[in-house]
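**Student:** Once you've had a glance at the structure underneath, I'll fire off some questions.
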Amino acid sequence: MTPVGCGTCGGHVLCEKYSPYHLQIQWTRAASAACPHLGGQGCPELRVSIDRAVADGRLEVTRREQR
């Protein structure tokens with residue numbers, strides 16, 4: 001899993017992306033404590049940060065077989 005930091009609260013989560021539509025997020029204890037949006041529908045700011053990481057090449061979209 002690849003660490004990705006939220007551009008708003010600075011919390012870091014671990015992510016894997018297997019397709020343009022599939023995203024797996026593992027919240028760290030520190031990110032859970034930092035995020036004001038955790039719970040409910042999730043954190044929209046984190047999603048923007050993850051999309052930016054994919055666009056910048058910091059989070060690679062892979063197939064499960066490549067893990």
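The values are calculated or read from the model by the stated rules, or taken from the named source; none is laboratory data. Here the structure is a predicted model, which means the values were calculated and not measured. Here the Cβ positions follow ideal geometry from the backbone for every residue, glycine too, while neighbour counts run over all protein chains shown. Each accessible area value is taken on the protein alone, full model and side chains, heavy atoms only, with ligands, DNA and RNA left out. Shrake-Rupley method; radii C 1.70, N 1.55, O 1.52, S 1.80 Å.
**Student:** If you take the residues of segment 32-50 that are more than 8 Å from the chain's Cα centre (by Cα) and closer than 26 Å to Arg63 by Cβ, which of them is modelled with the highest pLDDT? First the steps, then the outcome.
**Tutor:** First pass over segment 32-50, keeping only residues more than 8 Å from the chain's Cα centre (by Cα): 32-45, 48.
This time we only want the ones that are closer than 26 Å to Arg63 by Cβ, so: 42, 48.
On the way: Gly42: 75, Val48: 92.
Taking the candidates together, the pick is Val48.
**Student:** I've got another one for you. In segment 22-60, how many residues are open to solvent by 70 Å² or more (accessible area, probe 1.4 Å), of a type in the set (Gly, Ala, Ser) and free of Cβ contacts under 8 Å to residues at least 12 places away in the same chain?
**Tutor:** Number satisfying all stated conditions: 2.
**Student:** Something else: Six or more apart or on different chains, Cβ atoms under 7 Å: show the pairs whose first residue is in segment 10-21 and exposed (fewer than 12 other Cβ atoms within 10 Å of the Cβ) and whose second is at pLDDT 90 or above.
**Tutor:** Ser19/Val61; Pro20/Val61
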